[in-house]
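What follows is one structure encoded as structure tokens, with my remarks underneath.
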Amino acid sequence: MFKKLIGNKTFYKMLFVVALPIMIQQGISSFVNLLDNLMVGRVGTEEMAGVAIVNQLLFVYNLCIFGCLAGPGIFSSQFHGAKDDEGVRSCFRYKLIITTVVVAIVFTLLLLFQEPLIRLFLHNVGEDVGDIEIAFHYSKEYLRIMFIGLFPFAVTQIYSTTLREAKDTFVPMVSSIIAILTNLVLNYILIFGHLGFEPLGVKGAAIATVVSRFVEMGILLIYTHTHTHKYPFIKGIYRSWNLPFSLSKKITAKGLPLFFNELLWSTGMTVLFKIYS
């Protein structure tokens, strides 16, 4: 009875093959921003504080992207299992539309309210007003470049989630590993000024992260669109934006609770971070 409820060796083998690359990719994706915190921390406390504040704000954005892709992902997996390529295309287009909306909203909010949002995490204790202003300056400097990375991160998640729903977890994992290595090398070169480059500090960390985002996105786009035999749903994906209203309604109904769950949880963690600050 116990074996029937849990599953046999074949089940666990399949589960391990699918789940391990996903866990590695998600861990690596989360580690990219942490890497900036760690390496910038060797430059100075104010620099690290500035980077950490911006990454906390971007943490909410990242979770919102994950949340808005969860709903269409449910339907995309079902369509792939039924070998309905047109259904997968519709889910992919829904992802493109909803993430474009999220990116536009987050970009606008961060652009218009970046100063008050950053200052929420900065508080005077004693005579350290100067240090706070320095940290504020580094936050703005870091965020100014990280704006560019919002778009490639969203596109990367669209492609990687769709490939996972098509039972390919290896390629997204490899692209994430290459991205983190790219970020690590560029951080070493640009933050500290190695190999003849001028040390850029916080600005170098932001540039390295944005470049790694584009590298990850580029790998996924090139691989997916050059392997249409593996991913037939990608054929003609941008030729039309046809999206059945009935399907959109179903996806929205299923996806909204998942989106708000991620939004509320990430916001709660950010508020906790703000309180500790």
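Miscellaneous remarks
- Note on the chain: with neighbouring protein chains present and a 1.4 Å probe, carbon and sulfur make up 70 percent of its accessible heavy-atom surface.
- Cross-linked pairs LYS140/LYS274; LYS95/LYS235; LYS254/LYS274; LYS95/LYS230; LYS95/LYS254; LYS95/LYS249: Cα-Cα separations exceed 23 Å for LYS254/LYS274.
- For the range 157-173, 3J(HN,Hα) computed residue by residue from phi via the Karplus equation (6.51, -1.76, 1.60; θ = phi - 60°) reads 5, 4, 6, 5, 5, 5, 5, 5, 5, 8, 6, 10, 9, 6, 4, x, 5 Hz, glycine and proline entered as x.
- Look at the dipole of the range 75-233 built from charges on Cβ: of THR228, VAL174, PRO199, the Cα furthest out on the positive end belongs to THR228.
- [x] 1.04; [y] 1.10; [z] 0.99, with the label sought being that of the calculated Cα Rg over 2.2 N^0.38 Å: [y]
- Distance in nm between pseudo-label sites at PHE147 and TYR276 (7 Å out along the Cβ direction from Cα): 2.9
- Full-stretch length increase - PHE113, LEU264 - with 0.36 nm per residue and alpha-carbon distance subtracted: 52.4 nm
- Derived scalar couplings ³J(HN,Hα) [the range 67-79; Karplus, 6.51 cos²θ - 1.76 cosθ + 1.60; whole Hz; x for Gly, Pro]: x, 6, 8, 5, x, x, x, 4, 6, 4, 5, 5, 5
- Anisotropy class of the range 157-277 from Cα gyration tensor, a/c 1.5 cut: oblate
- C-alpha long axis of helix 85-119 to longest principal axis of the chain, angle in °: 10
- Shape category assigned to the range 143-196 from the gyration tensor of Cα positions, a/c cut at 1.5: oblate
- Listed peptides 152-159, 171-178 appear in the order 152-159, 171-178 once ranked by packing, highest mean of other Cβ atoms within 10 Å at the front.
- Chymotrypsin sites (Phe, Trp or Tyr not before Pro) within the range 186-277, DSSP loop, no more than 14 other Cβ atoms inside 10 Å: PHE197, TYR238, TRP241
- Surface per residue (accessible, 1.4 Å probe) for the chain, Å²: 53
- When the square roots of the Cα gyration tensor eigenvalues are ordered a ≥ b ≥ c, the ratio a/c for the range 211-277 is 1.5 or more and a/b does not exceed b/c, which makes its shape oblate.
- For the chain, the longest principal axis of the Cα atoms and the long axis of helix 245-276 meet at an angle of about 30 degrees.
- Using a Gaussian network model of the chain in which every pair of alpha carbons under 10 angstrom is joined by a spring, one finds that among ALA70, ALA205, ALA104 the greatest mean-square fluctuation is at ALA104.
The values are calculated or read from the model by the stated rules, or taken from the named source; none is laboratory data. Quick caveat: nothing in here was measured; it's all calculated off a predicted structure. In this analysis, Cβ positions are derived from the backbone assuming ideal geometry, glycine residues included, and neighbour counts consider all displayed protein chains. Just the protein is used for accessible areas: all its heavy atoms, side chains included, with ligands, DNA and RNA removed. Shrake-Rupley method; radii C 1.70, N 1.55, O 1.52, S 1.80 Å.
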